[in-house]
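Below: one structure, written as structure tokens.
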């Protein structure tokens, strides 16, 4: 007869899949908005390509972030079935709001804030890494992406366009350069897999270890993370099918029109920054904000700062970026309090 615990584990896994679907919708933008904005990839191909590369990235390079999310913000032994369900549901609902508005949102920030709600409630917030590594990285990395891309746009892209022997429209028809841009988009999707899948697989791994009374050894945690990833990562492609077009259009078409050179610069810079912090520091970071910062930089280099930052689509970003993580924190804290009062934690 099936142990009741195994039946109960289905609930957080379903919520994790719901979260992954929303992450897939949000993550499609930083992966493919550049190539889509440059009119290089048909809309129908994006979800499949995105899902495959996310899975590969999660398996190959996602362990470090999974460890941070699973046991680096809140004590791993607190992640029961109920609490894990609360955390994942809070993140999923905040991201659903952003996706319905067509605004690419940081999954990592919503996840960290959702984890922080119960951690604050139980006075178990592990503050050192949160305040001295994770949060500073959220501010520093988008600025690095912005200024690196702005410099590339101003001192490489713009001068090249002004040369009479270089016609950007002609390059846009160059098959070799188009392949490079598409490969750059796949590279970004790989980076998303290395970082964002852990937002669901990390808490799930700690929960499974707790509920099945498995020793919290490194090899056990790694194995559960891999198994969780194999279940969760494919849902990113599903989310891309549902939400990806609206979100990718916002950054790919409404801020600034792309060409293949600027698209490649954006993809390479943002994915490289995210992979660096994922592999070497295990920090859950926001590729959405890295990507948007780079897109804004290209826009500023081409059109001017005032023209880009006065656009309504850009103003909407700031509001949703602030609101979604705060909403995730409030929901997880409130639901934790309710669950505690009901005696179901």
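Looking at the structure I just gave you, is residue 96 surrounded by fewer than 24 Cβ atoms within 10 Å (Cβ to Cβ) and modelled with pLDDT under 90? Yes; evaluated as a whole, the condition is true for this residue. Can you name the residue in segment 285-312 that is assigned to a loop (DSSP other than H, G, I, E, B), modelled with pLDDT of 70 or more and in contact with a helix residue (DSSP H, G or I) (Cβ under 9 Å, 6 or more places away or on another chain) and, of all such residues, is farthest from residue 267 (Cα to Cα)? Checked segment 285-312; the qualifying residue farthest from residue 267 (Cα to Cα) is 285.
Take the residues of segment 108-135 that are assigned to a helix (DSSP H, G or I) and over 19 Å from residue 66 (Cα atoms): which is nearest to the chain's Cα centre (by Cα)?
120
Among the residues of segment 70-87, those identified as in a helix (DSSP H, G or I) and either surrounded by fewer than 24 Cβ atoms within 10 Å (Cβ to Cβ) or modelled with pLDDT of 95 or more (or both) are 71, 76, 77, 78, 81, 82, 83, 84, 85, 86, 87. Search segment 332-345 for residues being more than 12 Å from residue 121 (Cα to Cα) and touching a residue at least 24 places away in the same chain (Cβ under 8 Å), and hand back the single one that is surrounded by the fewest Cβ atoms within 10 Å (Cβ to Cβ). Filtering segment 332-345 for residues that are more than 12 Å from residue 121 (Cα to Cα) and touching a residue at least 24 places away in the same chain (Cβ under 8 Å), the one surrounded by the fewest Cβ atoms within 10 Å (Cβ to Cβ) comes out as 344. Selection of first residues in segment 136-158 that are over 13 Å from residue 286 (Cβ atoms) and of second residues that are in a helix (DSSP H, G or I) and at pLDDT 90 or above, restricted to Cβ pairs under 7 Å at least 6 apart or on distinct chains, gives the following pairs, ordered by first then second residue: 148/269; 149/269. Of all residues in segment 317-333, those satisfying the criterion of being over 15 Å from residue 92 (Cα atoms) and at pLDDT below 80 are 317, 318, 319. The residues in segment 57-68 that are surrounded by fewer than 20 Cβ atoms within 10 Å (Cβ to Cβ) and either modelled with pLDDT of 95 or more or part of a loop (DSSP other than H, G, I, E, B) (or both) can be counted, and the count is 0.
Okay, residues lined up against (1) within 20 Å of the chain's Cα centre (by Cα); (2) crowded, with 24+ Cβ neighbours inside 10 Å; (3) at pLDDT 85 or above:
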residue	(1), (2), (3)
174	no, no, no
191	yes, yes, yes
196	yes, yes, yes
203	yes, yes, yes
211	no, no, yes
217	no, no, no
226	yes, no, yes
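The values are calculated or read from the model by the stated rules, or taken from the named source; none is laboratory data. On a predicted model such as this, the values are computed, not experimentally measured, just so you know. Note: ideal-geometry Cβ built from the backbone for every residue, glycine included; neighbour counts use all protein chains shown.
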